[in-house]
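Taken together, the values in this text are just the output of simple stated rules run on the coordinates, not laboratory data. Bear in mind that the values here come from a model prediction, so they are computed numbers and not experimental data. Here Cβ is always computed from backbone atoms with ideal geometry, including for glycine, and neighbour counts include all displayed protein chains.
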Amino acid sequence: MRRPACGARHFFAPWGAGLFKSERYFYQILAAIIVVKLIIAYAFPLTSDEAYFYIWGQFPDINYYDHPPMTGWVMSLFGMLGHHIFFSRLFAVLSGLVIALGIHRLVRDGFGAPEKARLITLCFLAAPLHMLSVLITTDTPLILFTALSGFVLYQALRRQSSGLVLLSGGLWGLAILSKYFAGLLLIAVACALVFQRERRWLRYLLLWVAGALPFVAFHLWANYENCWTNILFNVVNRNQQVSWKLGGLVSFALFQIYLATPWLLYYLAKNIKSLAAAVKNAENPFVYLFGIPIVLLGIVALHHTGLHWALAFYPFIFLLLAHLPKIQINRVALWSMGFSLIHVVPLLAVLSLPVETFKNHEYYHDIVLCKYGDELFDKVQATYGDNYILATNGYYTSGAMMYHSGRHFAVFLDYSKHGRYDDKLTNYKALDGRDFLILWTLPIDADYTPYFDSVELSEITLRQETFYVAVGRGFHYPVYRERFLQKIDADWYTCPDWLPAGKCYFKEMYFP
């Protein structure tokens, strides 16, 4: 007598048959995921990073203060579609779709497995890594161009095409213009070419680097013309204190398990022999393109880590699934869909709640600012008029207010090493004697009296949250220069001796 099917095998059997054989299911799921991402992209309030990058988009430039310019260019380009942050976030949605289609085509053509191609694409689409990637950050173009560079390199090696190697290098150059972590891909590509015994590895590596050289040269020139701010921030200023902590590595490792998902890692480990054979036979360079950067970032995590640093290399891990049986890939896809639902459903529920629901949250002031900054601006103008230089105490608040009001808000008396692009936009020397209105989201803890003839402090209430205002009349630029700008110059704009002296807008503006 035949025993009834039970357990996981019974659960996955009908789904497996459907997803393996039907393109209709694939495109239906793809469409549903895109719709959900568009809803989240529209409903999610402006974030602090996006507020800062919004300023970049309003002032297209060849160089920004703390990161290469690609995100600013993207914000400027997609901002032409409309003012709402949703239009800029379309780039994030489209980037995920492009990567998904790249994975599909690569597995379908490169590995000759159309059914696996659909399933592996669904694994990527359904993963929280993709489902929740709707915000626009410096990682967004980095992920796109890093993935495309790796995909094209695979095709280049498969076809032995020097032209495709050069194109892959060019895409890597665009990734560098997005964020410096793209540099890890150079080490990964070199390892892939050498360890896979590519007989023309040196020629290909040089070609690959040559493809990126125009973009790297452009970026170095832009830094030379702009105080070397990217180099100073990323190499010098943010790494002045070095300490080693095991906890950073533990947090990094746990986050990688979350990003990859435990079930994907489980099935990769279960098929380690077939993966090892693929690596040995030079069938899959993505082991190196994913593994080498993750290992290097894990080492760095002993000193300091941003949990998002590894995101750019995660599309490559899904291409390792091509060496797994279809039923296991299907299980990864299904578990990932369920895992994403655990994220998406509560998120959509939270986004539908009135903002006052969170009035006891410690960051309620930021929530109100990001969602209702237009109402705050209207209330400021109605209360104080419009005869002031508008400012805030930080770059994030300035960006949010600029987004909601369409007016430039200077950043006043902010010593942070982060987000100093307003140093290039606001010339305090030209504002000597003017009246300022400085907005705070927290109680004012700065002493403005040395910098103005008189200072008045007051409060504004909006949606059960208090915002704080300092009105300074008669700005004293010489005092501001001596007490504040000189310190900013010494700490954040002084180049080390090993950098050749170039132009510097900050020094030319205040210390010629």
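Treating the beta-carbon of each Lys and Arg as +1 and of each Asp and Glu as -1, no other charges, what is the dipole magnitude of the chain about its Cα centre, to the nearest 20 debye? Show your work: numbers first, answer last.
Numbers: 41 positive and 34 negative charges, 690 e Å.
My answer is approximately 3320 debye.
Projecting the alpha carbon convex hull of segment 178-336 along each direction and taking the average yields 11.1 nm². Would you mind getting me the FRET efficiency between V35 and E508? Use the beta-carbon distance for r and R0 = 56 Å, nearest 0.05. With R0 = 56 Å, the Cβ-Cβ based efficiency is 0.65. What pairs in K37/K359; K245/K270; K417/K503; K179/K507 have C-alpha atoms more than 29 Å from each other? Check vs 29 Å cut-off fails for K245/K270. Where both bridge residues fall in the chain, DSSP classifies roughly 70% of the beta bridges as antiparallel. In straight-distance terms, cross-link reach from K273 covers every one of the aspartates and glutamates whose alpha-carbon lies under 16 Å from its own, apart from those fewer than eight places away in the same chain; here that gives E283.
Given only helices, namely DSSP H runs of n ≥ 4 each adding -39500 (n - 2.57), what is the per-residue ellipticity at 222 nm of the chain, to the nearest 500 deg cm²/dmol? Present the calculation step by step, with values, prior to reporting the outcome.
Working: 23 runs with 298 residues, N = 512.
Counting only the DSSP helices, I get -18500 deg cm²/dmol.
Apply the Kirkwood formula to the chain: the hydrodynamic radius equals the inverse of the mean of 1/r over all pairs of different alpha-carbon atoms; give it in Å with one decimal.
Details: mean 1/r = 0.0396 Å⁻¹.
After inverting the pairwise mean of 1/r, the radius is 25.2 Å.
Dimensions of segment 150-208 along the principal axes, based on C-alpha atoms and rounded to the nearest Å, stand at 31, 21, 17, largest first.
The length gained by stretching the chain between R483 and Q381 to full extension, at 0.36 nm per residue less their Cα-Cα distance, is 33.7 nm. Measuring r between the beta carbons of D453 and R105 and using R0 = 60 Å, the FRET efficiency lands at 0.35. Placing pseudo-labels 7 Å out from each Cα toward the beta carbon at N427 and Y42 gives an inter-label distance of 4.3 nm. Each label point was placed 7 Å from the Cα along the Cα-to-Cβ direction; for R463 and I327 their separation is 5.2 nm. Remark: relative contact order (the chain) = 17 percent; criterion is Cα-Cα distance under 8 angstrom and separation of 6 or more residues. Given a Förster radius of 30 Å and the C-beta distance between L351 and F255 as r, what FRET efficiency does 1/(1 + (r/R0)^6) yield to the nearest 0.05? Step by step, r from the Cβ atoms, then E = 0.80.
Cross-link partners for K379 among the lysines, with Cα-Cα distance under 16 Å and sequence neighbours closer than 8 places in the same chain left out: K371. Relative to the longest principal axis of the Cα atoms of the chain, the long axis of helix 184-195 makes an angle of roughly 20 degrees. Find, to one decimal place in angstroms, the Kirkwood hydrodynamic radius of segment 359-510, where the mean of 1/r is taken over every pair of different Cα atoms and then inverted. By the Kirkwood definition, the hydrodynamic radius is 16.4 Å.
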